[in-house]
Amino acid sequence: MSIAPTRSLRTALFTLALAGCGNSQPGLDQTGANPDLPAQRQTLVPPIRIATPKGWGGESPTAPQGFTVTALATDLKVPRQTLVLPNGDILVAEGSGGSAPPMRPKDVIAGYIKSMGKTPEKGGNRITLLRDADGDGEAEVRTAFITGLNAPYGLAFVDGNLYVANQDALLRFPYTPGATRMTAAGQEVTKLPSRLNHHWTKALTASADGTKLYVGVGSNSNVGERGMAVEEDRAVIWEIDRATGAHRTFASGIRNPTALAINPQTQALWSVVNERDELGPQLVPDYLTSVRPGAFYGWPYSYWGNNIDPRVHPQNQKMIEKAIRPDYALGSHVAALGLSFVTGAGLSPSFAQGAFVGQHGSWNRQDLSGYKVVWVPFTNGRPAGKSVDFLTGFIKNGHARGRPVGVTYDPSRRSLIVADDLSNTVWRVAPARATPTR
Amino acid sequence: MPNMPMGFRPFLHPLHGLLLAFPVALFTFALLTDIAYLQTAEIQWSNFSSWLIVGALLAGGLVLIWSIFLTIAARHRAHRQPSLIYAVLIAIMWAAGLVNAFQHSQDAWSSVGVTGLILSIISAVFALVASWVAHRTVRETGR
């Protein structure tokens, strides 16, 4: 594999690109509570850069000094989100969803270009169980825990039950402690919006008291270009009553909430959200936010509060005025797909209160952004200060070796689990232990 | 050829004329579907435009190449001027159509907007005029 595909692709697109102005402005600060928002730049050809895959070649992602990174499991079938069970077993949801047919020539071409940055592996439609009883960072037990699922993504464990958010339904499975294979059939708690499923991932978490389940439902388009009729019940977070399956819309206008988590300090629901493309390489910042009940976050009418999106017609002034600003920007086109708060004493003294965010990396800018796991420090339950890189090395020489998705903090073993859907690996990052003596 | 004076032929080969019918019809319809989109904000009209423009560009690309060859072949003939005009009209039609294809790849309202409408008008008008010029021109054959 050489550098040629990337370069030739880039050259071709540049040549076409009457775009020209696809470069990012240096010096813009797009993280934190008040990100710099440059002017909109709509170009005939959006700035595109695909980091084509290349294997790890025996190497691992880079963690800060004092941490070791190991591959818990490799050769998975598109791992997305993970969950740590009470006994320490790790579940991995594997799948690829979406069924939106191409509606324009662009859909055909964009689909092909984006596929160049993805694994050729087909989604497993299953949940794999990993057990690392000896704690060496490599799973010695690995089983297909549940099979025959439909693009599973969000996972939650409440009161002896495992909840799995397929791309079209929320399922409940009774869990037997220590089981390595689910024998019971899943029960449908509720159907989930699944028409087209442009953004198919269904993020899932349970409320602190366990009575409610929250499901993130992404929009069916970038900015309404499939018509607003297909956006019914999209770009929302549902609150589902765990006992009855009844749901209400908890928040709306939240373009693509790809991971949900409960803040251990405040018990509030938080989400990472992917914002819209094709307004320039530095618009719009993806974000991390507490999800306020009943709040409207702007999509598609406006972004980051009331910055109007010119592509929406007819516009809706009332909704623009209603749109609230998210809490914390993560950067434009980082594609945040993972969120996990640390609990208890945290991962280490430097990572004692805050959240890890997995950034998958995106296509809509020429300077690659994302492709890493960052740490957002919190104080008193609110983000406090700049995010710092935690796990890097996913990009090398312009090629992607991996793309992080779900991140899960394992409090019992004080480690971080990171799913990587490009190299089909689940990584474990843990404080380095003293060299074992024999 | 009926009613054609000795030593003259229609400017367009029948296949060329057939290919030219595509950009004439498709660019014209893309203009109409663009107008429909701007009137209704119903996205399917813009989707129609996208495909119509791509179809016009495919057939129009062959027409463009053929028109250049005709211009070269006619450089010492009496019909050299209309040949050149025809090729230039086709080139403008096609270039505007290409830019318009990218314009139509933008999302929602930006897929048409003012720019898309202007480009659709240029492509449609130049296709119609080019066709008119081509059909009223005759080709001088060797004497």
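Computed from the coordinates by the stated procedures, all read-outs in this text should not be read as laboratory data. Note that the coordinates shown come from a computational prediction; the quantities given were computed from them, not determined experimentally. With ideal geometry, Cβ positions are generated from the backbone for all residues, glycine too; neighbour counts draw on all protein chains shown.
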* To do: Just grab the label-to-label distance for A:ALA33 and A:ARG414, each label 7 Å out from Cα along the Cβ direction, in nm (one decimal).
  => 3.1
* Nonlocal amide H pairs with A:LYS396, under 5 Å, H built at 1.01 Å -> A:ARG401
* **Cα-based Rg of region B:8-140 normalised by 2.2 N^0.38 Å, two decimals** => 1.11
* Asked: Assuming R0 = 41 Å, what is the FRET efficiency of A:MET228 and B:VAL88, from their Cβ-Cβ distance, to the nearest 0.05?
  -> 0.45
* **Karplus-derived 3J(HN,Hα), 6.51/-1.76/1.60, for each residue of region A:259-269, Hz, glycine and proline x** => 7, 10, 7, 9, 6, x, 7, 10, 6, 7, 7
* Label-reachable residues, region A:313-332, where backbone N falls under 14 Å from a point 7 Å from A:LYS386's Cα toward its Cβ -> A:331
* Candidates A:SER362, A:SER115, A:SER290, ranked by Gaussian network fluctuation over chain A, Cα under 10 Å, top entry -> A:SER115
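For region B:54-136, state which trypsin sites (Lys or Arg not before Pro) are in a DSSP loop and have at most 11 other beta carbons lying within 10 Å of their beta carbon. Don't skip to the answer; put the middle values down first.
Working: sites: B:ARG75, B:ARG77, B:ARG80, B:ARG136; in loops: B:ARG75, B:ARG77, B:ARG136.
Those that pass, being in a loop and sparsely packed, are B:ARG75, B:ARG136.
Given axes a ≥ b ≥ c from the Cα gyration tensor, I'd like to know whether region A:190-276 is rounded (a/c under 1.5), prolate (a/b larger than b/c) or oblate.
Working: a/c = 2.64, a/b = 1.57, b/c = 1.68.
Oblate, because a/c is 1.5 or more while a/b does not exceed b/c.
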* Can you tell me how much longer the chain between A:LYS114 and A:THR249 gets when fully stretched, taken as 0.36 nm per residue apart minus their C-alpha distance, in nm with one decimal? => 45.5 nm
* Structure fact -> With the dipole of region B:8-140 defined by +1 on each Lys or Arg Cβ and -1 on each Asp or Glu Cβ, the option from B:VAL133, B:GLY61, B:ASN100 whose Cα lies farthest towards the positive pole is B:VAL133
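Taking every DSSP beta bridge that has both residues in region A:152-206, what percent is antiparallel when rounded to the nearest 5? All intermediate terms of the calculation are to be shown ahead of the outcome.
Working: 14 of 14 bridges.
Here the share of antiparallel DSSP bridges comes out near 100 percent.
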* **Loop-resident sites, region A:115-200, for GluC sites (Glu not before Pro), counting at most 13 other Cβ within 10 Å (DSSP)** => A:GLU140
* Asked: Out of residues 5 or more away from A:LEU339 or on other chains, whose amide H comes under 5 Å of its own, with H placed 1.01 Å from N in the peptide plane?
  -> A:GLY358, A:VAL407
* Asked: For region A:46-52, what does the Karplus curve 6.51 cos²θ - 1.76 cosθ + 1.60, with θ = phi - 60°, yield as ³J(HN,Hα) per residue in whole Hz, taken in order and with x for Gly and Pro?
  -> x, x, 10, 8, 10, 7, 6
* Structure fact -> Inter-chain shielding metric for B:40-50, i.e. average beta-carbon neighbours from other chains within 10 angstrom, reads 4
* In Å and from the alpha-carbon atoms only, list the Rg and Dmax of the protein assembly as shown. => 28.0, 105
* Estimated distance in nm for a label pair at B:HIS13 and A:GLN40, the labels positioned 7 Å out from Cα along Cα-to-Cβ -> 4.8
* **Those lysines that a straight Cα-Cα span of less than 24 Å connects to A:LYS202, excepting residues fewer than 8 apart in one chain** => A:LYS77, A:LYS114, A:LYS118, A:LYS122, A:LYS191, A:LYS212, A:LYS372
* To do: For A:LEU162, list long-range residues whose amide hydrogen, built 1.01 Å from N in the peptide plane, is under 5 Å from its own amide hydrogen.
  => A:PHE173, A:TYR175
* Structure fact -> A correct Karplus calculation of ³J(HN,Hα) over region A:159-168, with 6.51 cos²θ - 1.76 cosθ + 1.60, θ = phi - 60°, whole Hz and x for Gly and Pro, returns 6, x, 10, 9, 10, 10, 9, 5, 6, 10
* Taking only Cα atoms, what is the 0 to 90° angle, nearest 10, from helix B:80-103's long axis to the longest principal axis of chain B? -> 20
